[in-house]
Every structure is written in C-alpha cells, then in structure tokens.
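Contents: one structure, followed by commentary.
The values are calculated or read from the model by the stated rules, or taken from the named source; none is laboratory data. Keep in mind that this is a model prediction, so the values were computed, not measured. Positions of Cβ are generated from backbone atoms using ideal geometry, with glycine treated the same way; all protein chains shown enter the neighbour counts.
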Amino acid sequence: MAILSGQTALPFNYQVIYSRRRSVQLAIKAGQLTIRAPKGTSSQFISALLARKQQWILLHLARTEAEADSAVAALDRHEILVSGQSIPFCWQLAAKANVVMTERQCKVSIPTRVKPERRALYLNRQLQEYFVPLAEQYFQQAVASQAQLMGCKPKAIRIGNWQRKWGFCNSLSEVGFNWRLMQAPTWVAEYVVVHELAHLTHMNHSNAFWQRVTKFSADYRLAEQWLKQHQRLLL
C-alpha cells in the first residue's frame, strides 16, 4: 500500500492511498479528504475526478468542519435544553463517566483517561446515551396514543441520531424520531409524531397530507417555527 499527499489548484488538500482494490473511493473524515485508489491509477485521472466532484467535496468538508466546531462548543456551553426548558450545564473530570440530570442542573463527568482533544466528542456521546433511552420510552408511548387517535399503526419505531432531520416514515410503515426531540417541548415532539404518522396515509407533502396534520396538530406551524429557531441550541 502506498500513501501520497496531493495539493492542486483545487481549494483543498487530499491524500491518496493506493492499494489492491478495484475502484476509487472518496472519503472525508475529520476535515481530511482521502482518495483510495487501485494501484496504477494515474494522477491525471484523480485530478479529473476531483474537479468533477469539487462541489460535493467542498460541501462535505464544510459540514464536517461545522460539526467539529459544534462538538468543541459543547465544552463551552453553560446551559442545555431539556423538554424545552433551559437549565444550567457544567462538566468535570472524574474517575468514571456519569450524567446527572435534575430540574436545576445537568452535570457531566468525563473520565480523566479521555484525551483533551476527544473530550468534546465524548461529552456529546454521553449526553446522547442519556437521552436515547428517554426517547425510546417517550416515543413508544406517544406513537401508540397518537396512532390510535389517527387510526393507523406503524410496524416499527426507530430512534435515530441525525443532524438534519427530526423523523422519518418509510414504505415499510416504519417511523423514526431524532433523540434530540427530548430537548424540545413536549408539544413540539408531539407534532413530529403526528407528522410522521400522517405519512402512513400520505407519503408526500400534498394538501391532503397537511390537512391530516392540521386535524391532529392544529399548531404545527408553531412547532416547525420552534424547531427552526432552536435547532442550533440542540446537541
């Protein structure tokens, strides 16, 4: 396996790894673009490929940079949203990992063994592990109750970790919800439940779909507005 670094007129650097593979792969991780290519792939081919994929590369580099900034900012936050309420937040180094959540404060303990450059990501993972079981319990109950009112029944409920969507409904009649909705007010989370269950009847955003949403969530516009305004405050 051979590794080469490259820099061209393109507005980014990259690393090429040659090995016994059959196809070329582009991968972006931690702000670094890596090209994995079969042995013998010419530099001209790689340059042409990068030129064609330039917009895609720049978009994903920007996203990973924004996510990294968000993770680092986690160590600097002083408040956290829980069920729509802002409560004081702090973290400390300790022997063991722990999350203590009360009505008055959220305190996270990060093990001293975690390297400083990994603490922000570790902290976010701890909070995710705290909220996911709460989300599983809440959405099981909320979906069961709302599905009965709406006369529908999803086949499965998933809890996901997505940066750019609050839920989903697929052709298999599965619905899913972002665990970060545990940070939103209950009435906002309830709207997302209605939204995804409405897709069991209308797999689109037609007028008929929105009429069904309105029937069971009359203030859905306020819920969508809350999500747009507070998205950056969620983990």
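Laid out as a table, the results:
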| read-out | value |
| --- | --- |
| Count of residues meeting criterion [in contact (Cβ under 8 Å) with a residue 40 or more places away in the chain and hydrophobic (A, V, I, L, M, F, W, C)] in segment 152-186 | 7 |
| Any hit, segment 199-219, residues being at pLDDT 95 or above and either of a type in the set (Asp, Glu) or not assigned by TED's automatic domain parsing to the domain that holds Glu129 (or both) | no |
| Candidate set from segment 15-46 (those that are under 32 Å from the mean Cα position of the chain (by Cα) and of a type in the set (S, T, N, Q)); member that is farthest from Glu117 (Cα to Cα) | Ser23 |
| Gln128 within 19 Å of Leu227 (Cα to Cα) and either in contact (Cβ under 8 Å) with a residue 60 or more places away in the chain or not assigned by TED's automatic domain parsing to the domain that holds Val114 (or both) | yes |
| All positions within segment 22-51 that are farther than 30 Å from Asn124 by Cα, charged (D, E, K, R) and at pLDDT below 90 | Arg22 |
| Of all residues making up segment 145-169, the number that are in contact with a strand residue (DSSP E or B) (Cβ under 8 Å, 6 or more places away or on another chain) and either surrounded by 15 or more Cβ atoms within 10 Å (Cβ to Cβ) or at pLDDT below 95 (or both) | 11 |
